[in-house]
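One structure is given below, encoded as structure tokens.
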Amino acid sequence: MKKTKPLYEGKAKILWETDSPEHMVQEFKNDATAFDGTKHEVVEGKGAFNNRISSHFYGLLRDEGIRTHFVKTLSDTEMLVERLEMLSVEVVVRNIAAGSLVKRLGISEGTKFDPPIVEFYLKDDELHDPILSEEHVRALDLATPDQVDAMKREALAVNIILGNFLKQRGIDLVDFKLEFGTKGGELILGDEISPDTCRFHDSKTGRIMDKDRFRQDLGGFMEAYGEILDRVSS
């Protein structure tokens with residue numbers, strides 16, 4: 001299968017059309033960005049880490065019955081994926097308070113949620129990805145009521161699978177973002193699952209092992225990504 005032309009380029013990935021109308025190549029870039037792209041660096045090896053980590057997580061989810069767009073890994077930085085019509089909604093699952101939630105609600109960082117919180121956001125960089133209620137999602141025709149319910153259900157199932165898997169490897173799944181698309185009327189998990197889209201903390205020390213190291217200038221950015229890959233691959 002051959003790449004033909006780029007269809008979309010975002011801050012961290014390029015989606016390529018292929019000679020198959022059913023498939024695309026998702027290429028992970030070495031760009032690291034934060035704060036809507038106002039902070040930006042090119043970090044050698046980042047794309048390979050995210051591709052390999054995402055491939056591993058997608059394989060795990062597939063084995064557990066979660067339908068994803070992932071087909072196979074093609075190279076260090078590329079994976080073959082099914083072509084989806086993506087919904088303009090981001091789904092965030094929060095197990096532990098961190099990031100924007102702490103600022104927005106004034107709660108203490110590290111507060112644990114049981115059950116976890118599921119949030120929806122509009123995927124729109126110009127509007128800074130505002131939070132949405134389920135009613136907003138439906139009123140703006142971003143997803144049907146059945147799709148909203150299915151996204152919540154799938155996100156919580158992913159949370160259990162990944163949370164248990166990571167806990168066995170000494171990692172707390174603090175929160176994560178998912179994106180979904182459709183194909184033939186079926187809702188399918190797309191995008192990526194990586195330290196760019198998740199918060200991972202070491203279970204014993206609380207050490208940050210995700211993109212927050214870049215956001216907060218903590219150092220050890222790529223070392224943390226490499227350690228995540230080592231642990232999830234073990």
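We did not get these values from a lab; they are worked out from the coordinates using the rules stated. What you see is a predicted model, and the numbers here were worked out from it, not measured in a lab. In this analysis, Cβ positions are derived from the backbone assuming ideal geometry, glycine residues included, and neighbour counts consider all displayed protein chains.
All Cα-Cα distances of region 103-230, cut into 10 Å bins from zero to the largest, leave 10, 37, 36, 15, 1 percent in each bin in turn.
With only alpha-carbon atoms in the gyration tensor, what are the semi-axes of the equivalent ellipsoid for region 1-117, in Å, largest first?
Each semi-axis is the square root of five times an eigenvalue, giving 30, 19, 14 Å.
Separation of the alpha carbons by more than 28 angstrom is noted, of Lys46/Lys177; Lys39/Lys152; Lys2/Lys29; Lys3/Lys39; Lys123/Lys183, for Lys39/Lys152; Lys3/Lys39. The charge dipole of the chain, taken about the Cα centre with unit charges on the Cβ atoms of Lys, Arg (+1) and Asp, Glu (-1), comes to about 580 debye, rounded to the nearest 20.
Across all directions of projection, what mean area in square nanometres is found for the Cα convex hull of region 135-201? Let's see the in-between values first.
Working: hull surface 20.4 nm².
Averaging across all directions leaves 5.1 nm² for the Cα convex hull.
The convex hull built on the alpha-carbon positions of the chain has an orientation-averaged projected area of 12.7 nm². Within the chain, the longest run free of exposed loop sites, counting GluC sites (Glu not before Pro) that sit outside DSSP helix and strand states (H, G, I, E, B) and have at most 15 other Cβ atoms within 10 Å, spans 110-234. Straight Cα distances below 16 angstrom link Lys167 to the lysines Lys112, Lys204, with same-chain residues fewer than 8 positions distant left out.
Adding -39500 (n - 2.57) for every DSSP H run of four residues or longer, then dividing by how many residues the chain holds, sets the calculated 222 nm ellipticity at -9000 deg cm²/dmol.
Only the Cβ atoms of Lys and Arg (+1) and of Asp and Glu (-1) were treated as charged; on that basis the dipole of region 116-196 about its Cα centre amounts to roughly 480 debye. Take the chain and mark each of the trypsin sites (Lys or Arg not before Pro) that is in a DSSP loop with at most 12 other Cβ atoms within 10 Å; the longest unmarked stretch, sites excluded, is 3-203.
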